[in-house]
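Student: Encoded as structure tokens, here's the structure I'll be asking about.
The values are calculated or read from the model by the stated rules, or taken from the named source; none is laboratory data. Just so it is clear, the model here is predicted, and its values are computed rather than measured. Please note: Cβ atoms are built from the backbone with ideal geometry, for glycine as well, and neighbour counts cover all protein chains shown.
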Amino acid sequence: MNTQKNSYVIIYMVVIVVIVSLLLSITSGVLHTRQEDNKRLDTKKQILMSLSTFENDAEVKIYEDENADKVYAETITGYFLIDEFGKVKKELDPVKDFDVKPEEGEYAVYTAEVGGETKYVLPMTGAGLWGGIRAYLALNSDLNTVYGVYFGHDSETPGLGANIVTPRFRQQFTGKEIMKEGVMRSIAVMKKGDTADGQDQVDAISGGTITSKGVESMFANSLHNYEQYIINNRENKGGNE
Amino acid sequence: MAEIKENAFLGPLNKNNPVAVQVLGICSALAVTAELKPALIMGLSVTIIVALSNVVISLIRKTIPTSVRIIVQLVVVAALVTVVSEVLKAFVYDVSVQLSVYIGLIITNCILMGRLEAFAMQNKPWESFLDGLGNGCGYAMVLIIVAIFRELLGSGSLMGYRVIPESWYVDNGGCYMNNGMMMMPSMALILVACVIWVHRSFNKDLQDK
């Protein structure tokens, strides 16, 4: 058979492409539900990781474990969406409405019970060097002091920018304050030895400057969206500093 | 015939190493060797994908029209990589998060196209499979050597585990500092060159006259 004829080439390519696309759509169709379940579980784990204190290894293990679903249902007590003026727009159920994502102009807040205290978890997104970075920031009930933070990234450089996920970097945030004298200041990520003016700071990752700066702007931009909510709810508590 | 089989697997490990001798796949060697773990994962994934795509192309080699062979090879590789990445996402989500960008990088790895074009198009499936395995391992070998040096000297750890004690560091009153140069992509090139140097000094017949 002549494999060089134009008609053969065209038919050959059509057949190949049809076979490959069939194969790919079947794979995607069969595996889709499993992948969605995995993604959901992973998000739950990330939210829980922001609430893990590094003093207690056992606690971290529970959050990383397969029973994240159970721990999530027990720990996360509330989920609501707010607008930029700090008004609560939708009250949701953290388990049943897990798939409800904030729309344009809405921002998610999770509340959690840890050791009898209420914590607030704020999701954040930003840009690193190569791709997106994200975080879950857990605040104490005063909506000011950081309780914990979890970082995730799509494609930062291994060994450099990707080190934002390490406990070593993350635990620096615990105890830092995002407001100073009632004004939103966010948290600065500074080169070792430099000091930030009028705001709390953590050490950047050496060799990962752009990712570190990405973390800093992610904090500044995302906290800006929550500013009114945080200020309103601090005042409602009668200004307990 | 027996000789082809043996050479198909063992050749790429030494005298015909895709990285050290043919200088292919350098781009990914720069990207993933800052730490040992991603280098291992990348080496393993490339080995699997080269072996599989070699077999597929070898099976259909007689039907492929010469004028579109590169496109056919590319379609096969891209399809395989996509299927593997979907399967990983469904069954071992953690691993797929680890692999993230690397899995996409595999499609652009020149070793793949090189082996398909140079070997699988002319040889039977079993030999092609061995050739794929050999080249994947040869590639992984160089990646691992480079990554060991870069992670050990650049971060003082291996596979994420600390090897050089914290107390040796200047920050903690010691006299040791990590070599920041090792973390730069250009250092990977220099290390690959060192590997080639050592390799050639053991194999005099590979040296240019």
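Student: So which residues in the range B:18-44 are crowded, with 23+ Cβ neighbours inside 10 Å and either closer than 24 Å to A:ILE16 by Cα or touching a Lys or Arg at 6+ places or on another chain (Cβ under 9 Å) (or both), if there are any at all?
Tutor: Once the filter is applied, which keeps residues that are crowded, with 23+ Cβ neighbours inside 10 Å and either closer than 24 Å to A:ILE16 by Cα or touching a Lys or Arg at 6+ places or on another chain (Cβ under 9 Å) (or both), the range B:18-44 yields B:PRO18, B:ALA20, B:THR33, B:ALA34, B:GLU35, B:LEU36, B:ALA39.
Student: Just give me the residues in the range B:160-181 being among the hydrophobic types (A, V, I, L, M, F, W, C) and more than 12 Å from chain A (Cβ to nearest Cβ), in sequence order.
Tutor: Selection gives B:VAL163, B:ILE164, B:TRP168, B:CYS175.
Student: Between A:PHE98, A:PHE85, which is modelled with pLDDT of 85 or more and part of a loop (DSSP other than H, G, I, E, B)?
Tutor: A:PHE85
Student: Here are the criteria: (1) buried (at least 21 other Cβ atoms within 10 Å of the Cβ); (2) facing chain A (nearest Cβ under 10 Å). Tell me which single one B:ALA120 does not satisfy.
Tutor: (2)
Student: Could you say whether any residue in the range A:74-84 is among the aliphatic types (A, V, I, L, M) and surrounded by fewer than 19 Cβ atoms within 10 Å (Cβ to Cβ)?
Tutor: No, the range A:74-84 has no match at all.
Student: Restricting attention to the range B:73-96, and to residues there that are more than 7 Å from chain A (Cβ to nearest Cβ) and among the small types (Gly, Ala, Ser), which single residue is farthest from A:VAL15 (Cα to Cα)?
Tutor: Only one residue fits best here, namely B:SER96.
Student: Suppose we filter the range A:165-195 for residues that are more than 30 Å from B:PRO185 (Cβ to Cβ) and in a loop (DSSP other than H, G, I, E, B); how many remain?
Tutor: Going through the range A:165-195 one residue at a time, the tally reaches 9.
Student: Could you tell me whether B:LEU36 is modelled with pLDDT of 80 or more and more than 22 Å from B:ALA120 (Cβ to Cβ)?
Tutor: yes
Student: Out of the residues in the range A:129-166 that are more than 14 Å from every other protein chain (Cβ to nearest Cβ), touching a Leu at 6+ places or on another chain (Cβ under 8 Å) and surrounded by 20 or more Cβ atoms within 10 Å (Cβ to Cβ), which is nearest to B:PHE149 (Cα to Cα)?
Tutor: A:VAL149
Student: Same structure, new question: From the list A:ALA108, A:ALA112, which one is without any contact (Cβ under 8 Å) to a residue 40 or more places away in the chain and away from chain B (no Cβ under 14 Å)?
Tutor: A:ALA108
Student: I've got another one for you. Could you run through the range A:101-128 and say how many residues are loosely packed, with under 14 Cβ neighbours inside 10 Å, in contact with a strand residue (DSSP E or B) (Cβ under 7 Å, 6 or more places away or on another chain) and part of a loop (DSSP other than H, G, I, E, B)?
Tutor: Here the count works out to 0.
Student: Test B:TYR102 against the criterion of being without any contact (Cβ under 8 Å) to a residue 60 or more places away in the chain, within 14 Å of chain A (Cβ to nearest Cβ) and on the phi < 0 side of the Ramachandran plot, and give yes or no.
Tutor: In short, no.
Student: Scanning the range A:22-38 for residues that are more than 7 Å from chain B (Cβ to nearest Cβ) and surrounded by 12 or more Cβ atoms within 10 Å (Cβ to Cβ), which turns out farthest from the chain's Cα centre (by Cα)?
Tutor: Selected residue: A:VAL30.
Student: Quick check on the range B:57-72: of everything there that is under 22 Å from the mean Cα position of the chain (by Cα) and closer than 18 Å to B:TRP126 by Cα, which residue is farthest from the other protein chains (Cβ to nearest Cβ)?
Tutor: Residue satisfying both the conditions and the ranking: B:SER58.
Student: Taking the condition in a loop (DSSP other than H, G, I, E, B) and under 18 Å from the mean Cα position of the chain (by Cα), does A:SER155 pass?
Tutor: yes
Student: Just a yes or no: is a residue in the range B:163-178 under 19 Å from the mean Cα position of the chain (by Cα) and either loosely packed, with under 13 Cβ neighbours inside 10 Å or not aliphatic (A, V, I, L, M) (or both)?
Tutor: no
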